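**Student:** Pasting a structure here, questions to come.
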Amino acid sequence: MFCDNTYRNEATDSIVPEKDRIRVVVRVRPLNDRELENPKDPQTVLRCEGENSIIAEGGQHNRRFTFDSVFDEASTQEEVFQYSGIKRLVDLAIEGYVATCFAYGQTGSGKTHTMVGPGGAAIFRMDTNYRTNNFGIAPRAISYLFDCLREKTQRTNSPYYIRVAYCEIYNEQIRDLIRPENPDPLQVRGSIEDGFFVENLYQTYIETIDELLTILEEGELNRAMASHQLNDMSSRSHAMLSIQIEQDLQGYDDPQEQMTRQGKLTFVDLAGSEKVKASHSKGKQLVETNNINKSLLTLGTCISALSDPRMRNGHVPYRESKLTRLLADSLGGHGITLMLACVSPSILCENESLSTLRYANRAKNIENAPLIKTDSKENVINRLKLEVRKLKDENLELRHKLGGQTNNNIPRLKNQNDL
C-alpha cells in the first residue's frame, strides 16, 4: 500500500517551472505462481521502505534507491492513479503541454497491468466500469481527462477537440493500430516545427470517452503478442497512444487573431527487456527479442547521456532507433514526463529488476524545458483540410478494393466547419 501526502495537492497544480525534472515512480508487483514455487530462499530481493525508497537486497551490499514515489506489492490501481503524478500530466496536457507517461521494465514485470489493466485488452470485456479496481492508469486518466474537459467547457464556454492516434513499433517497423489493414510500415519524419512524428499515421477526432476507450481496446487487440517462458501473453512491441487536445483561443498580442492551443497526452507501453536464454526465444520470437532489446538499449543509452551532467550538451543518440526518436521531446526536450518503472521482487528476476532500478535512477536526473504549443487557427485548418483530402482518397481506394462497399467501421473525421 502507498500514500504520498507530499504530492496530493500537486496533482492539479498547473504551474510548471522553466526546467521540469522527469518524475519517476516504481511499482513492485506481487510474486506470481512460478516465482512462489521457486525453491531458492529468500524468494524476494526487493523491499519497499517508506513512501520513496526501495532497497535491493542481495550480494555483499544492499542498494537503496530513492524515487518520487514507490508502490509496494499491496498497492492498488487506484492508488497508483491518485499518487503517481498522472493527474498532473492530464492537467498540463489540457493547458497545452506535451505530456508523456511511459512504462519501463522486464517482460512480465506488470507494465501492461499498470498501464491498461490485467490481461490488457481483455479487461474491457470483463469490466465495463473503467474506474473499478482492475483498470490501469490509462483508462482512469482518460476518464479524468473527460471530467476535466467537461467542467472547463461549462465554465469557460470554450470547446475542446480531441484527436487520437495509436501505433506500435514492432521489429523496428511502425504499424497503425487503428488501421492495421495498412500493410506498409510507416516512417518517422522530423521537422523544426513538429520535431519527430509518424508520417501518414491515421488520426481520428472523437467526442466521447467510449469512443476513445474503444480505440484503446481495439488497438490493444491488434498489438503483436506472444507467449514464452517469462510471460503467458507478452507484448512484442512498443505501443504509443497519443491524445491531442485542441482549444481555440484569442491571440496573445492581437485579440482578433484566432489561435489554437494544442496539448498532447501520450501513453507508452514499452515491450519488456528480456534475456534470450531466460525467455527460450527461437525463430520469429528470437528476432523480436533482439529488436526489442536493441531499441531498449538505445533508450538506455539516451537516458544515460541525458542524466550525466558532463554529457548534457553532447550527442544524444535519438536517431539510432524509432522509439527514441519519437520519445525525444519527452527525454530532455520540451515535454513533461512520468516514468513508471515496473519490477518483480523475485530472486529469479534479480538482475533485470536491478537494471530497471538503475535506469530509473538515472532518468530522474533528466531535465526537460516544457513549452506550450500554439498555432494560428488558419494553419491548423489548412493542415486538417489536407488530411481530409488524403483520407477521402484513401476511402475511395478502399471502396474500389472492396467492390464498391463502404467500410462503416472507419471512424469519421470531424467536420471542419465545427472547428
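Rule-based calculations on the coordinates, nothing more; no lab input. Just so it is clear, the structure is predicted and the values come from calculations on it, not from any experiment. Counting neighbours? That spans all protein chains shown, and the Cβs are built from the backbone with ideal geometry, glycine included.
**Student:** What whole-number distance in Å separates the alpha-carbon centres of segment 201-216 and segment 152-193?
**Tutor:** 10 Å
**Student:** Now, a different point. Taking every DSSP beta bridge that has both residues in segment 8-376, what percent is antiparallel when rounded to the nearest 5?
**Tutor:** On the way: 51 of 74 bridges.
Roughly 70 percent of the beta bridges in segment 8-376 run antiparallel, per DSSP.
**Student:** In segment 303-334, which trypsin sites (Lys or Arg not before Pro) fall in coil by DSSP and have 10 or fewer other Cβ atoms within 10 Å?
**Tutor:** Details: sites: 310, 312, 319, 322, 325; in loops: 310, 312.
Filter output for segment 303-334: 310.
**Student:** Sticking with this one: Too long at a 19 Å Cα-Cα cut-off: which of 19/373; 19/294; 19/111? Before the final figure, lay out the partial values.
**Tutor:** Values: 19/373 16 Å; 19/294 30 Å; 19/111 28 Å.
The answer is 19/294; 19/111.
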